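The structure under discussion appears below in the form of structure tokens.
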Amino acid sequence: MTGPVPGLHRLRCEKPCGRLDVYVAGALGVTRSRAQGLIRNGRVRLNGAQAKPSAGVAPGDAVEVSVPEPEQLGVSPEPLALDIVYQDADVAVVNKPKGMVVHPAAGNRTGTLVNALLYHIEDLSGINSVLRPGIVHRLDKDTSGLLLVAKNDEAHLSLAKQIKDRTASRVYYALALGNIKEDEGAIDAPIARHPTERKRMAVVTGGRPAVTRYRVLERFSEATLIELSLVTGRTHQIRVHLAHIGHGVLGDPVYGPRRARYPIRGQALHAGKIAFDHPRTGARMEFNAPLPEDFVKLIDWLRARRV
């Protein structure tokens, strides 16, 4: 299972092929986002000319794609502790600790999950760029829990599609401020960049559709333990949605309660369950990760205050 061979790929559309980015993705077996990157970087020509990702491809059109040689990673393996819940030749499931950044960024090339993955796991998928090998989806730095890793490009394509099509499921647990009165419900509110604070996300009219489902597990005098599932997967979605309805995540320094302090470092948000179809065998696979110790201690603290 490998990705497209570097070099020039000459393609010809034989029937209505739709958008250029969709056609290139399907022809080369890559993600749509990677196809869009190739197009925007001038590596795709439609009938000899550069075109936008949204350009239509008609029968008889010629498409040339120049696939570059793999970039040098520039990120070093590090012998960091890593809780690998499961792995085989195609996928791995890891339980990311709170406080660990998922992938390197400018000025932050060490101590990340990617550094740990490079040390512990070989032959990671390169689809998501050289700085995100194997990463299918992400978790915020201070969110703990289960994360999927692809070991080859075909597995990456399958897992990414399952997340997009909602056939892969992710369940989170959170301690939210106050009493959520409904036993279960859904938060349906569009999310986009905050209009003035660009590092934050917010519920914004005209933003991308976002839906989070929740179910109450236990109520305390000042907080509610809830189980959440993502219908969509927007940046900071759970944290933004809970803050939007007035029940921010305890310990969240960005969207959570500003004045209240709780005995936990970082936010009380944990990705506790994940389920997906194995990209090679099709077998349904499900994994669970227990709540981290500080999350459990905070629950006990809240129970004690309720008495």
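Show the residues, 5+ positions off or on another chain, whose built amide H is closer than 5 Å to the amide H of His9.
Val65, Ser66, Val67
Report ³J(HN,Hα) in whole Hz for each residue of the stretch 290-300, in order, from the Karplus equation J = 6.51 cos²θ - 1.76 cosθ + 1.60 where θ = phi - 60°; Gly and Pro get x.
Result, rounded to whole Hz: x, 4, x, 4, 5, 5, 4, 5, 5, 4, 4.
Relative to the compact globular guide of 2.2 N^0.38 Å, what is the alpha carbon radius of gyration of the stretch 103-242, as a ratio? Numbers along the way, then the final one.
Working: Rg = 17.0 Å, N = 140, 2.2 N^0.38 = 14.4 Å.
Output field value: 1.18.
Give the average over all directions of the projected area of the C-alpha convex hull of the stretch 193-244, one decimal, in nm².
Average projection, Cα convex hull of the stretch 193-244: 4.2 nm².
Using only the alpha-carbon atoms of the stretch 1-52, report the extent along each of the three principal axes, biggest first, to the nearest angstrom.
On the principal axes, the stretch 1-52 reaches 29, 25, 19 Å in Cα extent.
Once fully extended, how much extra length lies between Ala275 and Asn41, figured as 0.36 nm per residue of separation less the alpha-carbon to alpha-carbon distance?
Result: 80.7 nm gained on full extension.
Rounded to a whole number of µm²/s, how large is the Stokes-Einstein D of the stretch 72-164 at 4 °C and 1.567 mPa s, given Rh as the Kirkwood radius over C-alpha pairs?
Using the Kirkwood radius from Cα pairs, D works out to 100 µm²/s.
Pull out the extension gain between Asp83 and Ser33, defined as 0.36 nm times the separation in residues minus the alpha carbon to alpha carbon distance; nm, one decimal.
Residue separation times 0.36 nm, minus the Cα-Cα distance, leaves 15.1 nm.
For the residues Ser158, Ser66, what sequence is obtained by ranking on other C-beta atoms within 10 Å, fewest first?
Details: Ser158 22, Ser66 14.
Listing Ser158, Ser66 from fewest to most nearby Cβ atoms yields Ser66, Ser158.
Taking the C-alpha atoms of the chain, how large are the radius of gyration and the largest Cα-Cα span, Dmax, in Å?
Radius of gyration, then largest Cα-Cα span, for the chain: 21.4, 74 Å.
If you only keep lysine pairs separated by 8 or more in sequence, or across chains, how many in the chain come under 21 Å at the Cα atoms?
Pairs that pass both the separation and distance tests number 18.
Taking only Cα atoms and a 10 Å spring cutoff, compute GNM fluctuations for the chain and point out the largest among Val216, Val57, Val240.
Residue with maximal mean-square fluctuation among Val216, Val57, Val240: Val57.
Taking only Cα atoms and a 10 Å spring cutoff, compute GNM fluctuations for the chain and point out the largest among Arg138, Arg45, Arg166.
Arg45
Mind checking which of Ala51, Ala116, Ala210 has the largest fluctuation in a GNM of the chain, springs on alpha carbons under 10 Å?
Of Ala51, Ala116, Ala210, the most mobile in the Gaussian network model is Ala51.
So if each residue of separation counts as 0.36 nm, and I subtract the Cα-Cα distance between Ser66 and Glu222, what length gain in nm does that give? Walk me through the numbers before you get to the answer.
Numbers: separation 156, 0.36 × 156 = 56.16 nm, distance 5.76 nm.
Extending this stretch completely gives an extra 50.4 nm.
For the stretch 1-38 and the stretch 160-215, what is the separation of their C-alpha centers, rounded to whole Å?
32 Å
So how do Asp83, Asp61 line up by other beta-carbon neighbours within 10 Å, fewest first?
Starting with the residue having the fewest Cβ neighbours, the order is Asp83, Asp61.
For Thr232, enumerate residues with amide H under 5 Å from its amide H, sequence gap 5+ or separate chain, H modeled in the peptide plane.
Val211
Bear in mind that the values in this text are calculations on the coordinates, not laboratory data. Here the structure is a predicted model, which is why all the values come from computation and not from measurement. Ideal geometry is used to build each Cβ from the backbone, glycine not excepted, and the neighbour counts take in all protein chains shown.
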